[in-house]
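Right, one structure below, let's go through it.
Every number here is computed from the coordinates shown, using simple stated rules; none is lab data. A quick note: this is a predicted structure, and the numbers were derived from the prediction, not measured. Don't worry about glycine lacking a Cβ; one is built from the backbone with ideal geometry, like all the others, and counts go over all protein chains shown.
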């Protein structure tokens, strides 16, 4: 799974140390082409991100960009209900509810008689 990085921050970190891309590649253990690609696209493998962060002495979360999909790690109850309702077959649900209602109505008449 590839990670999205803040490419502007990455470039700023490298330039703040006055490192060329070649030197950064050499000390990080990554290829020059990999450094160029990451600075251009902002996308890197977890292994490359670990190497980059270790080189700068920073945590991964200081360089990673978290999108909305990644933020919601644990689904909320309301989110789960919305998903279930949107993905269920409405006709089958209506038939099941109707059958359950009829059965409960018949049982109520039988038990109260």
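For labels at residue 104 and residue 58 in the simple 7 Å Cα→Cβ model, what's the distance in nm?
5.7 nm
Quick check on the exposure proxy: order 89, 6 from fewest to most C-beta atoms within 10 angstrom.
89, 6
To the nearest 0.05, how large is the calculated FRET efficiency for residue 51 and residue 20 if R₀ is 25 Å and r is the Cβ-Cβ distance?
It comes to 0.90.
Taking neighbour Cβ counts within 10 Å as the exposure measure, how do 65, 49, 102 sort from fewest upward?
Values: 65 13, 49 20, 102 10.
Going from sparsest to densest Cβ surroundings: 102, 65, 49.
With label points built 7 Å along Cα→Cβ from the Cα atoms of residue 9 and residue 91, find their separation and express it in nm.
Inter-label distance under the simple model: 5.1 nm.
Cut-off is 10 Å between beta-carbons; in what order do 2, 39, 26 appear when sorted fewest neighbours first?
Lowest to highest Cβ neighbour count: 2, 26, 39.
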